[in-house]
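Below: one structure, written as structure tokens.
Please treat every number below as a calculation from the coordinates, not as lab data. What you are looking at is a predicted structure, and each value in this text was computed from that prediction instead of being measured. Cβ: placed from backbone, ideal geometry, glycine included. Neighbour counts: every protein chain shown.
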């Protein structure tokens, strides 16, 4: 070894062999170490690694159910599904999304609207979600993208089911729409314990029937076990549990009637609710202007959104359920019933109307809409000519709390309980209410305006419709509904939803008969809605109304021609027909329409004509042109 | 005629070693087929071609007597060194490392030459100085070793550098370097570890850290090692069957036909397969050490010993890395991984062993 002077081959060889032995033993030890490592991995830990390997290769993919479709009462499709290609981007897989979209625009068309919508979606969602940049691609576009696919990592063509609303704006407030699930929806889904069923679903009903009947429409999510490779590509399906499609909804609307009603509004804003007075089925539910629900399906772009949201016409507001207006003279039939009910008036009792009414102790007069008054007015005539003076005195005699007590069972001042969300309760004032709300005493003068449906009294068109339906059906409370049946997706069996029992109100039939007779004369010559009944082969019972928009000082004269369009009064009309066998009861509100008789009345006529005779208007006069008698 | 041909072909071939090599290489081809997705013979044919070239080289080298090999040692070493300097000056950069030299007609990786040239050179050196080895002789040997290793570390190619260092170290160790020095060098080395750590590249440090905790970065540095241990572990005792490894066939195992082929093998053939492979390696190393023990000259002994132990080192480092007990270094699994260069240098090494094993009488006479 070191420093060894003479060569000794045998000793040298033995040193070498010793070293070789040491090395060989070390090598054996090292191999032994490997053997123990393999035993550890492949025997002891085998289950663990087997699980990991299975988790690697098996991916459970949710299979989203088809959403149930929505059909009107005659089987017309109101909301359907169609399958189309979308091009989706997962932003986390793309470096510069903007640049990638620019590049995409050289291959297929990307409209500014698509970009805006994508940007909005991106702000609202997490980075790893797949978001559509283009929807409804044509076959040619799909092919063109496929050729250039390699240039666009993180982009993917997907076949998806889309929701479409074939009637566009028509009935949009009733049908509602679906939209992409947002954070608030996720929280609600999780709170309801439905997170599993919503895996893979990216749309949810947001409004109207789509929102309220989400549970029926969504269906049950299935799942598919697929084998995937390291790149996440599916290689083959291992097993599959089929999804169960959502149930179809049969709604009470008649879409043709709805169209007639919407067209009848012409350029006016407003609302209409038409009910079957026997069942509470909503035949038409109009809120004008509407909106195109199709805009919301793929996520609305900011420009359209701003247009809808900031329009002074408030197209997103469902006026039928959420518009709270002074009901005006339309409540006079109910006031007349209250008068008879509490014995404050007999049918024969008449006043001589000088055109105003004086509250004792108050110097300013309460004016009738008709200067000079209506002459001798009894209960019947008070409805037919809509005499304010009659009701000023009546309200004073009844007092606000009796009015409140009588109106509440008719549905005023509370939500009707219609089967879609967002309804507002209106307001039926009382002394208690004023005290709680304002900590103020109720003044006698407050009651007088309430007597003609003004002052604190606010109602929604839906409430007016249910109230007039009660008059039509002989005094039974009505619960309006939009969905009448659910069709099981699998069995096609139709489950009729029960009609909520109609509670008879304590209205005497003879009282009701008096008021109904007066309402029939409203649409006859001499009434405030003569035009509605003119030449109709059926009898219409109705009542006009006008709701003040600008608070007028008592005694001030109102000249509608001088008032700006937005400050014109709202026109109201409630009616049912045929009066002798009511099939349709409705309430109409025309914003800034002026007089009920001349603006809202013709709308009612068109609806009745179509609903009862199947007749469409031949020539439409401009609403409000022909100025009949006021109020 | 045929028996004459067989005689020419097999005269300088060591039977037991050859049998073990052929078995291992055949196993390798089977796994390469599976690792290339099954269904395409391209890689198997490619590897078969590599194998034909490497076997021819083995036969040629086996027919060169050890004395002639000894004469080749210095030119091979010097030539290799010159090429390494050439790499440092004019080398091509690929994947951030300067390892290749473009000779105009072909591109070579001179560090591969050194895998054979270094042990030959050192064995030659100790043979020349066999009368009375002094500390100075070992120091000179260390310099001969340090030159190529240093150049390769700078490329950087830490894996190859370590293996070449190992092959040289085995020669010095077998030549009889005193235990005292080995131990003191070992202690110094350990003491210098923090300094070495500071000299490592970022990616090299990450590889070592990954070994300690692969889950630290499961989709980045840890991904290879996690997926390969899952593959091996999920293979169980008998494996999932040839072509049926899910980890391998679905692409979860990266570099599955080259450095990580053991993961494919372990998954599809299970513990039974890995034990058979280790047994083959033990037989090859054992036979090599036997040839070394019985060799008649210092040069032959040292060369044979170093070649055998270097082979062991390859096998151990690769298996250790793929099974997650050693850091990831770019070392193929000997005789199994797809790739021509490593196979060629490996079989040339075995050619040297066979030459030593079959030329004994000539040398001793």
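With respect to chain A, whose longest principal axis is taken over its alpha-carbon atoms, helix A:139-148 is tilted by about 30°.
Provide the gained length on full extension for the span residue A:90 to residue A:26, in nm with one decimal, where the gain is 0.36 nm per separating residue minus the Cα-Cα distance.
Numbers: separation 64, 0.36 × 64 = 23.04 nm, distance 5.35 nm.
So the extension gain works out to 17.7 nm.
Each of residue A:47 and residue B:179 was given a label point 7 Å from its Cα along the Cα-to-Cβ line. The distance between the two points is 4.6 nm.
Counting Cβ atoms of other protein chains within 10 Å of each residue's Cβ and taking the mean over peptide B:168-179 gives 3. Computed over chain B, the range of Cα coordinates on each principal axis works out to 62, 58, 45 Å, biggest value leading.
Across the residues of A:27-34, average count of Cβ atoms on other protein chains within 10 Å?
Partner-chain Cβ atoms within 10 Å, mean over residues of A:27-34: 6.
From the alpha carbon centroid of the range A:462-481 to that of the range B:41-74 is 101 Å. Taking label points 7 Å from Cα along the Cα-to-Cβ direction, residue A:267 and residue A:99 give a separation of 5.2 nm.
Taking chain A as the reference, fit the longest principal axis to its C-alpha atoms, fit the long axis of helix A:46-57 to the helix C-alpha atoms, and give the angle between the two in degrees, 0 to 90, nearest 10. Tilt relative to chain A: about 50 degrees.
Against the longest principal axis of chain A, how steep is helix A:255-264, in degrees 0 to 90 to the nearest 10, with axes from Cα atoms? Tilt of helix A:255-264: around 60 degrees. Restricting to Cα pairs below 8 Å that are 6+ residues apart, what does the relative contact order work out to for the range B:73-199? Please round to a whole percent. Answer for the range B:73-199 is 24 percent. Per residue of peptide B:230-243, the mean number of Cβ atoms on other chains within 10 Å of the residue Cβ is 5.
The range B:90-149 and the range A:146-170 have their alpha-carbon centroids 62 Å apart.
Could you order peptides B:255-263, B:124-132, A:492-500, A:179-187 by the average number of other Cβ atoms within 10 Å of their residues, highest first?
B:255-263, B:124-132, A:179-187, A:492-500
Working from label points 7 Å from Cα in the Cα-to-Cβ sense, the residue A:119 to residue B:92 distance is 4.7 nm. Highest mobility in the GNM of chain B, judged by mean-square fluctuation with C-alpha springs under 10 Å and restricted to B:108, B:152, B:232, is found for B:108.
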